[in-house]
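The values are calculated or read from the model by the stated rules, or taken from the named source; none is laboratory data. Keep in mind the model is a prediction, meaning the values are calculated, not measured. Neighbour counts are summed over all protein chains in view; Cβ atoms, including those assigned to glycine, are modelled from backbone coordinates with ideal geometry. Each accessible area value is taken on the protein alone, full model and side chains, heavy atoms only, with ligands, DNA and RNA left out. Shrake-Rupley method; radii C 1.70, N 1.55, O 1.52, S 1.80 Å.
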Amino acid sequence: MSEEEAQGVRILARETLSKGHYRLEKVTYTQGGERQEREVYHNRTGAAVLPLDPTRGTVLLVRQLRIPALVNGDGPMLVEACAGVVEEGDDPAATAEREAGEELGCRLRALRRVFTLYPSPGACAERLHLFTAEYRPEDRTGGGGGLAEEGERIEVLELPLAEAWAMAEAGGIIDAKTILLLQHLRLGAA
């Protein structure tokens, strides 16, 4: 018996409502005999990495445009851990390394998977693989900034870990994945 059957959940229909930048779907299902509908936003699987220079105690972050934060009055530019979409068939760790090169202009050392999570499971199918890594000044081989052909205009920030955490406490960093990774590093679990 599947978990869905054990919980009395059965999907009756799936309808695509939009095929914009990401797909929006309406799912009709029953739970305990009651028919319900939910909209699910398929914004794909992602990987994020927060590199730490353990000698200097610094981390590399990015600042970039986030339209959802803007429409909520919290934007437009958010400070975040480097992240990107895991392309079909790719390994999340390879995605984290690729994104570090593109966004941070940095080679990673000692990449470690921290955890995998759903950032907003009530409405989004997105699953995130979170990593930490180490870097040294000599690993910063490029300027970063993202890919112009993808419309990315990313600013790279190198900050002491304590300063980055103070920003989170003061509301200057409001991205969930970034706060989780900062907390993980602060607890010394990296």
Dipole of segment 62-176, positive direction: furthest Cα of Ile67, Ala170, Ala81, with charges on the beta-carbon: Ala170
Considering just Cα atoms, how many Å³ per residue does the convex hull of segment 1-126 enclose? 166
Largest first and in whole Å, what are the equivalent-ellipsoid semi-axes of segment 101-147 based on the Cα gyration tensor, each being the root of 5 times an eigenvalue? 27, 15, 5
Carbon/sulfur fraction of accessible area - segment 1-119, other protein chains in place, 1.4 Å, %: 47
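Across all directions of projection, what mean area in square nanometres is found for the Cα convex hull of segment 52-98? Display every interim value, and only then the final one.
Values: hull surface 18.3 nm².
Mean orientational projected area (segment 52-98, Cα hull): 4.6 nm².
With +1 on the Cβ of every Lys and Arg and -1 on the Cβ of every Asp and Glu, and nothing else charged, how large is the dipole of the chain about its Cα centre, in debye rounded to the nearest 20? Let's see the in-between values first.
Working: 22 positive and 31 negative charges, 44 e Å.
In debye, rounded to 20, the chain gives about 220.
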In whole angstrom, largest first, the equivalent ellipsoid semi-axes that the Cα gyration tensor gives for segment 31-190 are 27, 17, 17
Relative contact order [Cα under 8 Å, 6+ residues apart], segment 61-120, whole percent: 24
Using 7 Å Cα-to-Cβ label points, what is the Tyr29/Cys124 separation (nm, one decimal)? 1.9
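Once you keep just the Cα pairs under 8 angstrom separated by 6 or more residues, what percentage relative contact order results for the chain?
Values: 397 pairs, mean separation 40.5, N = 190.
21 percent.
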